[in-house]
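See below for the structure under consideration.
The values are calculated or read from the model by the stated rules, or taken from the named source; none is laboratory data. Keep in mind it's a predicted model, so treat the numbers as computed, not measured. We place every Cβ from the backbone using ideal geometry, glycine too, and count neighbours over all the protein chains shown. Areas reflect the complete protein model, heavy atoms only, side chains present, ligands, DNA and RNA absent. Shrake-Rupley method; radii C 1.70, N 1.55, O 1.52, S 1.80 Å.
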Amino acid sequence: MHAFDDEEDASIFERYERMLKDGHQPAYFDVEDLELIIDHFFIHQRTGDGLDAIDFGMRLHPNAITFPLRRARLELFEGSEKIAKLYIDKAQAIHADYWEVFLLLGYYWSGKNSELAIEYFQKAKQSTTDLDEQLQAVNALAAEYQMVGLYQQAIDNFSFVLSHDPDDEMAMLSISVCFDYLRNVQGAISFFEGFIEKEPYSETAWFHLGVNYSQIGAYKKAVTAFDFAVVIDEYFTAAYYEKSRCQELLEDWDGAISTLERCAEIEEESSFTTYKIGSIYSQIGQLETAKRYFYSARTMQPNMPEPAIELALLLASEGQIDEAIALTLHALDVTGWNNPDFLTIAIDFFISVGDRVQLKEVVKSQIQTGEMVPEQLKSVIDFYFEKQDYETGLLLLRKGKKFWGGPKKWEAFYAGAVYTYKDTQEGLQLILKSHLRYKNFVPLVFSYFPSLSMEPELQRLAHPPSAED
């Protein structure tokens, strides 16, 4: 009925449920029996029954520390810190120096008072001789050091974890991340080389060694490290991807393609890998082959935006602009119209076909991303001015002020645009006003609007007569 492997365990659980069902005087269960019952409830996602069993255990065994500790852990996990603290206090009243009391106090103070959290995690480690319990405490201590930016201390503690559990991938990743924050790539390389001397069959260590080699441009060494990783674990897809990336940087195109093809063989769903192969073929100019891979990737995963964009660019270069626009709009729909790179491509396409309505919507989305660059905005504004839609052009110019990298540059373009497209006198007044505030303002206007350098009045401002004249 309850899928227990042991008949005695099943009998204990059935006796507990019968007690609840019949509503009789509470039966006696020892601490180990109740721990079995509580675990079973939580494994089967009967959270309320599990909490009731914990409370029952606290009433039946008021001096057993396991029940308030279990409740405190659950409350911390759920984010109910005030309630958790009450149960930690109950546990501390039973056994003030118990290692897990200190551990949970550390978790309670983590993020609120890291100094206090670190103190409690250290006490947790010192209060037990059991290695598994020490590793829990040291992992928590290392994570706290990492969170507050004490990266070397974090590395030291994660290293302790790895010295006893070489397969702890999270500790290994955290060490690599800490070295990144310290900008100490050579330190990371030395660490993983030393680790591999002791644990030569750690595919994760070989992977991190390869990643760090690639950061210093040692791509051949990185490829060798990734080779060891995939020899140890032939299903290590991240290692294949990193290896192919380094091969691309070495311009070993055939090698990169071969690596990705091997990766595609072992993946259950290889649409992204297929797209990456197409991307390499595109880089080396084999465009028809690239298109086949992009179409294949889209067949596998129709809503994958990257191959759609790659296809759009290739088709646009061949003059198939309508299909290119359709693919780009699809990619934007999939990504929620918030990918700056895709929006940039769409802006170029809509300018090329003169679609002012669609362009306006795309530019609006690009402005919202905060990633628009002045050159891109200038091309859009120039487009609207050339179409004699001055109202839209000036509106976009005002909205885009924040992208110009300072008021001087924006005022130079704004004044030049008003002079060129709206009203000469108004533009001249704007130029004169800013000319008094900024050095070399008029030449900056000329850099945006070269034709204005032929205007006599502006020439005089750019090159005023000297005293000798």
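General remarks:
- Separation of the range 336-387 and the range 186-233, taken as the distance between their Cα centroids, equals 43 angstrom.
- Protein accessible area in the range 93-159, 1.4 Å probe - carbon and sulfur %: 45 percent
- Cα-based helix-to-principal-axis angle, 203-215 vs the chain, degrees rounded to 10: 20 degrees
- A straight Cα-to-Cα reach below 15 Å connects Lys112 with the aspartates and glutamates Glu81, Glu144, residues fewer than 8 places away in its own chain not being considered.
- Computed over protein heavy atoms with a 1.4 Å probe, the carbon and sulfur contribution to the accessible area of the range 349-469 reaches 51%.
- Residue-averaged [θ]222 nm for the chain, counting only DSSP H segments that reach four residues, each worth -39500 (n - 2.57): -24000 deg cm²/dmol
- When you filter the trypsin sites (Lys or Arg not before Pro) in the range 124-225 for DSSP loop state and at most 15 other Cβ atoms inside 10 Å of their Cβ, you are left with Arg183.
- 13 Å Cα-Cα reach of Lys409 towards aspartates and glutamates, excluding residues that sit fewer than 8 places from it in its own chain: Glu375
- Once the 1.4 Å probe is applied to the protein heavy atoms, the range 383-443 comes out at 55 Å² accessible per residue.
- If R0 is taken as 51 Å, the Cβ-Cβ distance between Ala238 and Glu457 corresponds to a FRET efficiency of 0.20.
- The range 213-290 - accessible surface per residue (Å², probe 1.4 Å): 50 Å²
- Residues of type lysines that Lys221 reaches as a straight line, Cα spacing below 22 Å, ignoring anything fewer than 8 places off in the same chain: Lys198, Lys243
- Solvent-accessible area, 1.4 Å probe, carbon plus sulfur percent, for the range 199-312: 49 percent
- Which listed pairs, of Lys276/Lys387; Lys364/Lys408; Lys291/Lys387; Lys360/Lys402, have C-alpha distances above 29 Å, in listed order: Lys276/Lys387; Lys291/Lys387
- Loop-located GluC sites (Glu not before Pro) in the range 44-138 (DSSP state not H, G, I, E or B) with no more than 11 neighbouring Cβ atoms inside 10 Å do not occur.
- For the range 92-150: rounded, prolate or oblate by the Cα gyration tensor [a/c cutoff 1.5]: oblate
- Sites matching trypsin sites (Lys or Arg not before Pro) across the range 417-462 that sit in DSSP coil, with at most 11 neighbouring C-beta atoms within 10 Å: Lys439
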